[in-house]
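A short write-up of the structure that comes next.
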Amino acid sequence: MCKSLREPEHLVFFESRCSIGKLNPDQYFRGYSFLTLKWHSEELYEISDRDRKSFLEDMSNVARALSVVFKPDKMNYELLGNGMPHLHWHLVPRYQTDSFWGRPIWSGSRARKRLTREDYEKTVTLIKNVLRK
Ligand SMILES: [Zn+2]
């Protein structure tokens, strides 16, 4: 994950001192995004207070932007790192119409949903425009 922070480039919509925001290529949950720390660390308690505050603030700002664009019924915030031990938030807009509503997104299997290149780019632009405000 350290080496692919900005990849794929067309999915990236946010960068700050601490973190990079990009869409999950799987858009089953419309707006599902990752916010990844820009250097390698595996636990929130291992980074400095200043960095942790910035990382959390970035996460909150990105979550708000996703909420404005996608109008979910609820935002989910998850920081797991079992499969990929490098600090990254899963920001998952949840909708009452999603098949896992009321449950964690990990609680069953589902089909992935890919968008066209054009739709990824449109989505990135929408999020960037909200973040700019
Ligand atoms: Zn790493």
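Computed quantities for the displayed model
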quantity: Selection from Thr125, His90, Ala111 lying farthest towards where the dipole of the chain points positive, charges on Cβ; calculated: Thr125
quantity: Surrounding net charge for Gln27, when Lys and Arg each add one and Asp and Glu each subtract one, Cβ distance under 10 Å; calculated: +2
quantity: Charged-residue dipole, Cβ positions (Lys, Arg, Asp, Glu), the range 2-132 about Cα centre, Debye nearest 20; calculated: 400 debye
quantity: Over the chain: helical MRE at 222 nm, DSSP H runs n ≥ 4 each giving -39500 (n - 2.57), nearest 500; calculated: -10000 deg cm²/dmol
quantity: Loop chymotrypsin sites (Phe, Trp or Tyr not before Pro), the range 60-133 (other Cβ atoms within 10 Å of the site Cβ: 13 or fewer; DSSP); calculated: Trp101, Trp106
quantity: Label-point separation in nm, Gln96 to Lys128, each point 7 Å along Cα→Cβ; calculated: 3.5 nm
quantity: Fluctuation leader among Gly31, Gly83, Gly21 - the chain, Gaussian network, Cα springs under 10 angstrom; calculated: Gly83
quantity: Helix 117-132 vs. the chain, principal-axis angle (Cα, 0 to 90°, nearest 10); calculated: 60 degrees
quantity: Full-stretch length increase - Tyr45, Tyr28 - with 0.36 nm per residue and alpha-carbon distance subtracted; calculated: 3.0 nm
quantity: Most fluctuating residue given options Ser41, Ser67, Ser107, as computed from a GNM of the chain linking Cα atoms under 10 Å; calculated: Ser107
quantity: Additional length obtainable on full extension of the chain from Arg17 to Ser107, 0.36 nm per residue less Cα span; calculated: 29.0 nm
quantity: Trypsin sites (Lys or Arg not before Pro) restricted to DSSP loop in the range 1-73 with at most 15 other C-beta within 10 Å; calculated: Arg6, Arg17
quantity: Acute angle (nearest 10 degrees) that the helix 49-70 long axis makes with the longest principal axis of the chain, alpha-carbon atoms; calculated: 20 degrees
quantity: Chymotrypsin sites (Phe, Trp or Tyr not before Pro) restricted to DSSP loop in the range 1-64 with at most 16 other C-beta within 10 Å; calculated: Tyr28, Trp39
quantity: Net charge dipole size for the range 1-78 [Lys, Arg +1 and Asp, Glu -1 on Cβ; Debye, nearest 20]; calculated: 280 debye
quantity: Computed E for Arg117/Asn61 - FRET, C-beta separation, R0 41 angstrom, nearest 0.05; calculated: 0.95
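Computed from the coordinates by the stated procedures, all read-outs in this text should not be read as laboratory data. Quick caveat: nothing in here was measured; it's all calculated off a predicted structure. All Cβ positions, glycine included, derive from the backbone under ideal geometry; neighbour counts span all protein chains shown.
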